[in-house]
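The next block holds one structure in the form of structure tokens; read it before the comments.
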Amino acid sequence: MGPMDIVYDIQVFHPDSNQIKGKIGGESIDIIADKAEALAGIFEKGKIDHSPFIWSRNHWSVTTNRDSLRHDFYHYFFDKLYEQGQSLSTHDRQIYTFIKADD
């Protein structure tokens, strides 16, 4: 399973994505819309047509998914800065500013 062909304005890939894919059996995706709806699921390897997804408007489900995404974004930033010794790109800094201000 390769990377998705869809590219979003605010998107990062978890630094340990290959290890995570192995643990969960596929590629996960979480999308939050307007801080009010969440779509989360796993594209299971070899079973993409039958992959489990959950859509929710439940406040706590959406909040949990948003916090999980924040974790992934911060993990990406820390990995890039400290593990890879790279600077954040202009786009990375824009994402960081957006996420930091997103309450």
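The values are calculated or read from the model by the stated rules, or taken from the named source; none is laboratory data. Nothing here was measured: the structure is a model prediction, and the numbers come from that model. Cβ placement follows ideal geometry from the backbone for every residue including glycine, while neighbour counts extend to all protein chains displayed.
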> In segment 74-103, what residues are in contact with a His (Cβ under 9 Å, 6 or more places away or on another chain) and closer than 21 Å to Ile32 by Cβ?
Replying inline: His75, Tyr76
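So in segment 81-101, with the set limited to residues that are in contact (Cβ under 8 Å) with a residue 12 or more places away in the chain and out of contact with any helix residue (DSSP H, G or I) (no Cβ under 8 Å at 6 or more places or on another chain), which one is nearest to Pro15 (Cα to Cα)? Steps first, answer last, please.
Pass one, segment 81-101, residues in contact (Cβ under 8 Å) with a residue 12 or more places away in the chain: 83, 92, 95-96, 98-99.
Now drop any that are not out of contact with any helix residue (DSSP H, G or I) (no Cβ under 8 Å at 6 or more places or on another chain), which leaves 83, 98.
Numbers: Glu83: 10, Phe98: 20 Å.
Taking the candidates together, the pick is Glu83.
Please state which one of Thr64, Thr90, Thr97 is within 16 Å of the chain's Cα centre (by Cα) and hydroxyl-bearing (Ser, Thr, Tyr).
On the way: Thr90 fails: within 16 Å of the chain's Cα centre (by Cα); Thr97 fails: within 16 Å of the chain's Cα centre (by Cα).
Within the list Thr64, Thr90, Thr97, the selection yields Thr64.
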> Any residue in segment 34-53 that is exposed (fewer than 15 other Cβ atoms within 10 Å of the Cβ), more than 15 Å from the chain's Cα centre (by Cα) and at pLDDT 90 or above?
Replying inline: yes
> Cβ-Cβ below 9 Å, separation at least six or inter-chain, first residue in segment 1-15 and farther than 22 Å from Ala33 by Cβ and surrounded by 10 or more Cβ atoms within 10 Å (Cβ to Cβ), second at pLDDT 70 or above and of a type in the set (A, V, I, L, M, F, W, C): which pairs?
Replying inline: Met1/Phe43; Met1/Ile48; Pro15/Phe78
> In segment 67-96, which residues are within 18 Å of Ser17 (Cα to Cα) and of a type in the set (Ser, Thr, Tyr)?
Replying inline: Ser68, Tyr74, Tyr76, Tyr82
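Do we find a residue being over 29 Å from Ser89 (Cβ atoms) and not hydrophobic (A, V, I, L, M, F, W, C) anywhere in segment 26-35? Walk me through how you get there before you give the answer.
Within segment 26-35, the first condition is being over 29 Å from Ser89 (Cβ atoms), and the residues that meet it are none.
No, because not a single residue in segment 26-35 is over 29 Å from Ser89 (Cβ atoms) and not hydrophobic (A, V, I, L, M, F, W, C).
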>> Looking at segment 26-80 only, could you name the residues that are in a helix (DSSP H, G or I), among the acidic types (Asp, Glu) and touching a residue at least 12 places away in the same chain (Cβ under 8 Å)?
In response: Asp72, Asp79
